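Here the structure comes first, spelled out in structure tokens, and everything after it is commentary.
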Amino acid sequence: MLTGQSSGISFLLGNYSDELVFYGTPSSSASSFFINALQPGNNILQEYWSVAYNQIYAANSVIEKTKVSLSLTEVQKKQLTGEAFFIRGLVHFYLTNLYGDVPYIVSTDYKTNSMPSKLSSNEVYGLVINDLNSAAEMLGSEYIKSERTRPNRYAVLALLARVYLYDEKWAEAANASSAVLNASGLFALQTELKSVFLKESKETIWQLQSSISGKNTDEAASFIFFTVPPSSAALNSVIINSFSSADKRKNSWTGSLSNGASTWYYPFKYKEFYNTSVSKEYPIMLRLSEQYLIRAEARAQQGDIIGSKEDLDQIRQRAGLGKTAAVTKQELLDAILEERKLELFCEYGHRFFDLKRTGNLDQELSGIKPGWNTADSLFPIPQNEINLNSNLLPQNTGY
């Protein structure tokens, strides 16, 4: 799900929501996402599900085998087990946001895992929170690699803040994000927007190392195009037209190409399309600006208008904008949602998930996505999985 390739959710949920317009052929795998016509037999949805549970199995195997290892030190056991709890929570978090009620798998026992029952999203969130709290207790505050590719305690807290926000636990979300934001010796907003997505950025909380030396991100290869009309996808005017003339993010984080009559825009957060002698950019999974926006929203929900505005303005002023004009709680929540749209576009489905959790999906997508209907808020459970396990019934509504 989290690959930067065109099969990952950054690209496909961008097409599924209002971030991207698809220009490829109807036979392309992205086409059914763009026209919101997914079916239970969709191969990508099957791959998301099966690979996710394979990764969960691997995490469970690490947890079980590390516990009884005679060769690992206690320090190594805590590090590996903490990372495995983190990964298990992370993958289940995305599964429940895409598919709704899903099984939560916590062992490698094939008999138990062959016919698991679904849990509600609220139950899944509770178990994700438990796993992340366990990870936070085991992982240290320092990175064990200089490139921030192995999660530390702050990476866990950053994800925990997001989960709490989605679960509407406002005080907990604010506290978790504050713990990250207060670690000013490790993290800071980049004043230069073009430096945010470099692998040495101090805004990065957790990133994925490239598979080979000199490789840059798959995101750049998926989003950047060199001919028009694009053969794949371009940014939707909903995004482009939302940038004010003063917003530096439009120039720094989008690129464009014109044929003289029309202009198409693309996400340009990652700029290195080709390999370089040394990798310059790694895919960033968690970064600091999201934590400001999480705390801003959590504070607004608790009635802390001043604190919320201060956090929101950190992101706005970095983008070259003035302080927010929002005054009331609802004005602030609307302003934060808008800021998340412009700050986090085409990053791991943030826009789709934000519209869904705030109850704005139908309002925002029904007018611009002709294939949209309310049931599209969830993907269908893969039919092959239902054929193997009747406990996954009923199928999600509308499929």
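The values are calculated or read from the model by the stated rules, or taken from the named source; none is laboratory data. Quick caveat: nothing in here was measured; it's all calculated off a predicted structure. Quick reminder, even Gly has a Cβ in these numbers, built from the backbone with ideal geometry, and neighbours come from all protein chains shown.
The figures follow:
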quantity: Top-ranked residue in the stretch 253-279 [being hydroxyl-bearing (Ser, Thr, Tyr) and in a loop (DSSP other than H, G, I, E, B); ranked as nearest to the chain's Cα centre (by Cα)]; calculated: Tyr270
quantity: Conditions (1) touching a residue at least 12 places away in the same chain (Cβ under 8 Å); (2) over 18 Å from the mean Cα position of the chain (by Cα); (3) closer than 30 Å to Leu393 by Cβ: number failed by Tyr110; calculated: (1)
quantity: Candidates Glu74, Glu123, Glu64, filtered to the one that is of a type outside the set (Gly, Ala, Ser), surrounded by fewer than 17 Cβ atoms within 10 Å (Cβ to Cβ), out of contact with any helix residue (DSSP H, G or I) (no Cβ under 8 Å at 6 or more places or on another chain) and under 22 Å from Lys356 (Cβ atoms); calculated: Glu123
quantity: Residue in the stretch 243-252 that is in a helix (DSSP H, G or I), without any contact (Cβ under 8 Å) to a residue 24 or more places away in the chain and under 21 Å from Glu339 (Cα atoms) present; calculated: yes
quantity: Flag if Ser289 is in contact (Cβ under 8 Å) with a residue 40 or more places away in the chain, in a helix (DSSP H, G or I) and under 18 Å from Lys194 (Cβ atoms); calculated: yes
quantity: Residue that is outside the structural domain of Pro151 (by TED's automatic domain parsing), part of a helix (DSSP H, G or I), within 26 Å of Leu393 (Cα to Cα) and in contact (Cβ under 8 Å) with a residue 40 or more places away in the chain, where the choices are Leu45, Leu132; calculated: Leu45
quantity: Residue count, the stretch 346-361 (criterion: surrounded by 18 or more Cβ atoms within 10 Å (Cβ to Cβ) and either part of a loop (DSSP other than H, G, I, E, B) or of a type in the set (S, T, N, Q) (or both)); calculated: 4
quantity: Subset of the stretch 362-377 [crowded, with 20+ Cβ neighbours inside 10 Å and outside any helix (DSSP H, G or I)]; calculated: Trp372
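Conditions (1) farther than 30 Å from Ala221 by Cα; (2) of a type in the set (S, T, N, Q); (3) at pLDDT below 95, marked per residue:
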residue	(1), (2), (3)
Thr276	no, yes, no
Tyr282	no, no, no
Met285	no, no, no
Leu288	no, no, no
Glu297	yes, no, no
Ser308	yes, yes, no
Asp311	yes, no, no
Thr324	yes, yes, no
Leu332	yes, no, no
